[in-house]
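In what follows, a structure is listed as C-alpha cells, so that the remarks can point back to it.
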Amino acid sequence: MTRMENLQPSLDEQTRQDAVYEAAMRSISASKRERERKGYVVMGGAMEFGEGALGDGLFGKISHGAKLFMIAFACALPPLLVWQVLL
C-alpha cells in the first residue's frame, strides 16, 4: 500500500505538467495563427493599393499624378543643382 501512496504525488505532478504543456502548445498555436492573420492583412492591403493605383478612380488619378511629379522632379533636380553650384 505504501507504494501506491508514493506514486500519487508523481501522478499529480505529471497531470500538472501535461496541463502546462497543453497550455503552452495552445499559446504557440495561437501566436502562429495571429502572425499568419497579420501577414494576410498586409498582403491584402498591398494588393488593394496596387489595384486602386492602377484604376480609373480618384485614387488612380492621384497616384498617376504623383508618379509624373516624381519623374519631373528627378529630371529637373540635377540641372537645378548644377546651376546652384556654378552660379
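The values are calculated or read from the model by the stated rules, or taken from the named source; none is laboratory data. None of these values were measured; they are calculated from a predicted model. Quick reminder, even Gly has a Cβ in these numbers, built from the backbone with ideal geometry, and neighbours come from all protein chains shown. Remember, those area values only see protein heavy atoms, side chains included, never the ligands or the DNA or RNA. Shrake-Rupley method; radii C 1.70, N 1.55, O 1.52, S 1.80 Å.
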Per the list (1) assigned to a helix (DSSP H, G or I); (2) open to solvent by less than 90 Å² (accessible area, probe 1.4 Å); (3) modelled with pLDDT under 90, residue check on Arg16 breaks on (2)
Gly60 - would you say it is in contact with a helix residue (DSSP H, G or I) (Cβ under 7 Å, 6 or more places away or on another chain) and either of a type in the set (Gly, Ala, Ser) or surrounded by 10 or more Cβ atoms within 10 Å (Cβ to Cβ) (or both)? yes
When the stretch 35-55 is checked residue by residue, the ones that are more than 30 Å from Leu68 (Cα to Cα) and either open to solvent by less than 70 Å² (accessible area, probe 1.4 Å) or touching a helix residue (DSSP H, G or I) at 6+ places or on another chain (Cβ under 8 Å) (or both) are Gly39
